[in-house]
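Quick note: the coordinates plus some simple rules give every number you see, no bench work behind them. Since the model is a prediction, treat every value here as computed from it, not as a measurement. Cβ coordinates were reconstructed from backbone atoms using ideal geometry, including for glycine residues, and neighbour counts include every protein chain displayed.
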Amino acid sequence: MAVLELEGDTALVSPVRRRGRRLGGLFVAALFWVVLIGLAAILANVLPIVSPTDMDFLGKRAPPSAAHLLGTDQLGRDMLSRLIYGARISLTVGLLSPVIGLVIGGALGMLAGYFGGRFEALTVGGVDVLLAFPPLVFALAVTAYLGQSALNITLVIGVLSIPAFTRVARAVTLSLAQREFVVAAQTLGATHMRILLRELLPNVALPLMAFFLLAVAVTIVVEGALSFLGLGVPPPAPSWGSMIGEGRESLDIAPWLAFLPAGFMFATVLAFNVIGDTLRALTDPRPGAL
Amino acid sequence: MARFVGRKLLHLLPVLLAVTLLTFLIASLLPGDLAYTILGDQATPEKVAALRAQMGLDLPIWQRYLHWLWDVLQGDFGRSFRTGETVLAAVADRLPVSIELMLMAEGLGLLIGIPLAILCAVRSGSAIDRFLTGLAFGKLSLPSFMVAILLIYLFAVTLGWLPATGWVPFTEDPIGNLRSFVLPALTLAFAEWPVLMRVLRSDMIATLQEDYIAMAKAKGLHPARILLVHALKPSSLTLVTVTGINIGRLIGGALIVETIFALPGIGRLLVGAIYARDFIILQGVVLFVAIGFVLVNFIVDMLYAVLDPRIRHGRA
């Protein structure tokens with residue numbers, strides 16, 4: 001359910017890889033959806049939509065109409081507007097948290113893979129301890145103690161994603177550290193700093209980027225799960241997870257209240273998975289991965 | 001084997017110690033003072049000071065950690081300041097529910113995953129294989145709370161076959177008890193089968209390339225016998241590991257599903273403690289779950305070594 005699963009996900013035998021031409025269609029559709037939802041989230045203030053917190057008590061759980069294109073929720077708030085503002089939360093947390101993991105984990109992993117020795121042993125040990133915690137339990141407990149806010153949730157999920165990034169960066173660096181171009185640079189007397197930044201980083205960056213996109217997908221799910229439990233970003237700010245949670249109560253009379261945000265979240269997570277997996281298949285260092 | 005176990009045990013201790021330290025540190029992140037939280041609106045400076053002294057909150061943090069660790073080592077995980085229930089009693093009360101859910105979920109997951117994996121491995125590269133791997137990939141994007149909503153809508157709201165909530169003890173109503181477990185177990189199994197199918201599929205494809213499989217075919221053995229007897233066991237190493245790790249994760253990881261379906265398990269205890277801001281219970285349960293997680297991973301490592309002699313002879 002969370003960051004730990006990234007490990008397993010990378011082992012996925014990609015279904016898109018073998019499909020040749022259909023890869024293009026799926027990939028383009030995913031890219032299109034991410035751009036669409038991203039633009040909507042950025043431009044939410046400018047778009048001609050109702051406020052996501054305005055309540056219309058006469059039109060609760062209304063079906064789609066000209067005034068409310070996707071209907072209203074159990075408090076008469078505009079669904080489309082809440083979905084777009086919800087995208088803001090999901091995408092902000094979803095993109096910022098893995099950045100923490102990417103920067104810290106990526107740096108730690110590269111240093112560990114390049115220098116080896118005691119530093120590597122210490123890093124691997126630390127990663128093992130963090131991975132020893134069930135991630136969702138960890139995230140829940142820390143937000144419970146720190147208090148619920150978008151910032152805290154971003155930080156917690158970000159810290160949780162560090163071990164996975166460390167592992168990826170270390171594995172890729174290890175596979176490169178003895179290669180000819182690195183040895184050549186060393187023989188020419190390049191400093192460690194230069195080798196790490198000019199020789200290794202460009203080669204580690206692409207696999208890390210692919211992993212980053214998969215991490216975005218996982219983070220959106222984790223944020224959704226926290227919000228679903230009412231332990232994410234506090235109300236009245238709309239979030240897809242909390243909308244699904246609220247919609248659950250009226251599954252019998254208005255199932256779309258839960259299904260709409262669920263559909264949005266599924267499409268977004270799937271899109272990031274598809275893009276990330278395509279990129280990973282293209283950059284996989286193992287021979288024959290293409 | 002003894003040396004292998006010894007080496008692993010030596011590795012286990014520092015990890016367990018680090019886990020207790022981390023749990024303790026998380027709990028000390030609480031802004032403000034636990035004494036204020038416990039006393040609530042009745043907090044006067046004198047009462048707070050007295051409670052702090054009584055709970056040892058005025059000691060330096062490392063002393064508090066050592067005191068707490070000492071208590072934990074003696075089996076005292078703390079006591080709720082709301083209900084007076086000890087953590088251990090609360091956990092013992094909820095554990096059977098979580099274990100029942102876990103076993104049903106894992107069993108259902110294997111029941112779906114293994115046949116599909118064998119099917120995919122035998123017809124590797126065919127339309128059905130591509131369809132199922134594609135489905136498994138898509139399933140990665142469908143978190144358990146969405147699956148739960150879909151299942152509730154389908155089986156509880158629309159068809160009315162199964163209850164969405166309402167747990168009864170097994171001793172009172174065995175059928176009702178099992179019925180209340182079907183949807184939550186199915187939800188979890190839905191998350192499990194793609195993972196289980198994937199690992200078994202790729203291992204099995206590798207096994208089917210082996211010479212002894214060709215030999216078995218040449219001997220004219222029945223294909224089903226080759227698959228189920230000759231190929232399945234050597235292919236199931238990763239499957240055992242993944243199943244084991246999943247079981248460890250489900251001890252606490254089923255918390256969303258337990259909350260949705262109102263099953264009184266460990267996960268719901270944890271979420272309930274968060275809602276009630278019962279921080280002592282929360283800390284105790286987190287520690288319990290984390291230790292359980294580490295121990296299960298340890299047992300899986302052992303099991304792995306039993307199944308594959310190469311690992312215990314030093315290559316790991």
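Key figures
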quantity	calculated
Average beta carbon contacts from partner chains per residue of A:266-273, 10 Å cutoff	3
Relative contact order (%) - chain B, alpha-carbon pairs under 8 angstrom, separation at least six	25
Dimensions in Å of the range B:140-190 - Rg and Dmax from alpha carbons	11.6, 39
Estimated FRET transfer efficiency (B:Ala276, A:His192; beta-carbon r; R0 45 Å; 0.05)	0.30
Ranked by how many other beta carbons lie within 10 Å on average, peptides A:256-266, A:142-152, B:65-75, B:188-198 from highest	B:188-198, A:256-266, A:142-152, B:65-75
Cα gyration tensor, the protein assembly as shown - rounded (a/c under 1.5), prolate or oblate	rounded
Residue mean of other protein chain beta carbons inside 10 Å, A:138-149	6
Number of partner chain Cβ atoms within 10 Å, mean per residue of B:133-140	5
Cα gyration tensor category, rounded, prolate or oblate, for chain B with a/c compared to 1.5	oblate
Under 20 Å from the B:Leu178 label point (7 Å along Cα→beta-carbon), backbone N, the range B:69-96	B:96
Spin-label model distance (nm) - A:Leu151 vs B:Leu29, 7 Å beyond Cα toward Cβ	1.5
Chain B: DSSP helices with Cα axial extent of at least 20 Å and average Kyte-Doolittle hydropathy no lower than -1.0	B:2-27, B:87-122, B:174-207, B:237-253, B:279-307
Estimated FRET transfer efficiency when R0 is 51 angstrom, pair B:Ile299-A:Ser65 (beta carbons, to 0.05)	0.30
Residues of type lysines that B:Lys47 reaches as a straight line, Cα spacing below 20 Å, ignoring anything fewer than 8 places off in the same chain	none
Aspartates and glutamates with Cα under 14 Å of B:Lys233, excluding same-chain neighbours fewer than 8 positions away	B:Asp203, B:Glu210, B:Asp308
Where the Cα pairs of the range A:164-290 fall when distances are cut into 10 Å bins, in %	12, 29, 22, 17, 13, 6, 2, 0
For peptides A:243-249, B:170-176, sequence by mean Cβ density within 10 Å, most packed first	A:243-249, B:170-176
Projected label distance in nm at A:Asp56 and B:Arg225, using a 7 Å step from Cα toward the beta-carbon	7.2
On Cα atoms only, tilt of A:135-146 relative to the major axis of chain A in degrees	70
Euclidean distance between Cα centres, the range A:152-227 to the range B:181-207, Å	29
Helical contribution to [θ] at 222 nm, DSSP H n ≥ 4, -39,500 (n - 2.57), averaged over chain B, rounded to 500	-23000 deg cm²/dmol
FRET efficiency, 1/(1 + (r/R0)^6) with R0 41 Å, evaluated for B:Val157 and B:Leu12 via beta carbons	0.30
Under the Debye formula (equal points on every Cα, no solvent term), log10 I(q)/I(0) of chain A at q = 0.08 Å⁻¹	-0.41
Separation of the B:Leu135 and A:Leu75 label points, Cα + 7 Å toward Cβ, nm	4.0
Helix-derived mean residue ellipticity, 222 nm - over chain A, DSSP H n ≥ 4, -39500 (n - 2.57), to 500	-22000 deg cm²/dmol
Relative contact order %, chain A, counting alpha carbon pairs below 8 Å whose residues are six or more apart	25
